[in-house]
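Worksheet for the structure shown next.
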Amino acid sequence: MKKVLWLCNLAFSDQAIKGGSWLQPLAEKLQQSNKILILNISVGNVSKITYTEYKGIKQWILPQSKQKQYGQTATYKRCKEVQNIIESEKPDLVHIWGTEIFWASIYAKGFIKTKTLIDIQGLLYAYTDFYLGGLTINEILNTIHIKEILMPWRNLFTKQQIFFKRGQVELRYIKKFEHISIQSQWVRNLLQQVNPIAHYYPTRILLRDNFYTAQPWSYKNTTSPIIFSSCAAAVSYKGIHVLLKSLALLKKEYPEIQLHLAGKIMVGDKLQDGYSIFLKKLIKKLNLQSNIVLLGSIDESNIIKELQSCSVCVIPSFIETYCLAFAEAMIIGVPTVTSYTGAMPELATHEKETLFYNSLDYRNAASHISRLIKDQALAEQISQNARKRRLQENAPQLVLNTQLNIYKSILYEI
């Protein structure tokens, strides 16, 4: 049986999954298929290389340590740690998940001689152009506070430049790969401009089990609608400021409307990030204090509850290579209002499975949200179509077969 060694940011366990939520269920299904063996190397809070097994999957957890170039370039020691495991286990294929940290550099430096596939998740160099999220110069200046004065590298302009520098490192590594899997045609379009000779493999995303079996969304006839949105953390390109402006318009029509925001919106403990302070002041300026509920980081079951209880889910991001939050909302059947950007149009069709708006156009976004609140027939039609599409395109067996076929194509060079 062929062995595939994963290099990813997640150590598999029974604990709640915080990031890369599709990876563990996919690894489990691949292992259960009895067609390949999965091995996994990750990084975690350990003092030395730790070997564990999870549901028959061998895994090694490497100690967290400072790497080079914003964490994207592995030290010689880290390269040798990974190389030693590879030489010991002799996998038939190495599968690298993402370019955000140092895994790709280990291959680019020549420490991995085995056939290697890299899966592209985010694209830092492409995100650079959208980093500021359409903020005006005046709004950007209003994100500069004590933290940004004491630590100038924390202001949005410098953060954007850091993204650019990280993107250049990312590009240098991507050019080295022969086999690249992509989650959208949009990603493929960009990568073929920088690595036209690579072999590209469209992949699919496996959602967490409970999203497939959860009770679908149902229409709420209410004058106090709930809007749901989420982001891992408050960063400008996630577009929360645009959504707040939409909410202010909607409040005129629905005074009791609420926006439930999941994720770490107020970033920083003793000193909050300037963008978080900007959002707080914008909420006050727009008189939305009583209309916002900050949920913080919530787990899978609470995400599902929020989706089931809201009237509309809004995806306001300025850039996405796929968008798991969009897919999760669709499979629950929640009507969505979505920023038309990046790979988003590949997940849904306007007026059929979502309502799209230009990323900056908060007025049109507000209009779309209002339509879905008021028009039960439209909301239910979009709900049914969205759920049907996700159940088809994210069907577990289809996702599994797609991944197995990618491995087969590379291993046997079909």
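Assorted remarks:
- Within segment 57-75, the residues that satisfy the criterion of being among the hydrophobic types (A, V, I, L, M, F, W, C) and in a strand (DSSP E or B) are Ile57, Trp60, Ile61, Leu62.
- Failed criterion for Gly56 (all others in (1) free of Cβ contacts under 8 Å to residues at least 12 places away in the same chain; (2) touching a helix residue (DSSP H, G or I) at 6+ places or on another chain (Cβ under 8 Å); (3) not basic (Lys, Arg) hold): (1)
- Looking only at residues in segment 82-98 that are part of a helix (DSSP H, G or I) and more than 28 Å from the chain's Cα centre (by Cα), the one that is surrounded by the fewest Cβ atoms within 10 Å (Cβ to Cβ) is Ser88.
- Flag for Thr52 being over 30 Å from Ile298 (Cβ atoms), outside the structural domain of Glu300 (by TED's automatic domain parsing) and β-branched (Val, Ile, Thr): no
- Residue that is surrounded by the most Cβ atoms within 10 Å (Cβ to Cβ), among those in segment 349-399 that are basic (Lys, Arg) and part of a helix (DSSP H, G or I): Arg390
- Screening Ser309 with (1) loosely packed, with under 15 Cβ neighbours inside 10 Å; (2) touching a residue at least 40 places away in the same chain (Cβ under 8 Å); (3) on the phi > 0 side of the Ramachandran plot; (4) not charged (D, E, K, R) gives one miss only, at (3).
- So Lys245, is it surrounded by fewer than 22 Cβ atoms within 10 Å (Cβ to Cβ), closer than 21 Å to Thr341 by Cα and at pLDDT 95 or above: yes
- Among the residues of segment 304-314, none qualifies, meaning not one is more than 30 Å from Ala395 (Cα to Cα) and either out of contact with any strand residue (DSSP E or B) (no Cβ under 6 Å at 6 or more places or on another chain) or not in a helix (DSSP H, G or I) (or both).
- Each residue in segment 149-167 was checked for being under 21 Å from the mean Cα position of the chain (by Cα) and in a loop (DSSP other than H, G, I, E, B), and 0 of them qualify.
- Failed item, numbered, when Ala126 is tested on (1) more than 20 Å from Cys231 (Cα to Cα); (2) of a type in the set (Gly, Ala, Ser); (3) assigned to a helix (DSSP H, G or I): (1)
The values are calculated or read from the model by the stated rules, or taken from the named source; none is laboratory data. This structure is a prediction, so every number in the text was calculated from the model and none was measured. All Cβ positions, glycine included, derive from the backbone under ideal geometry; neighbour counts span all protein chains shown.
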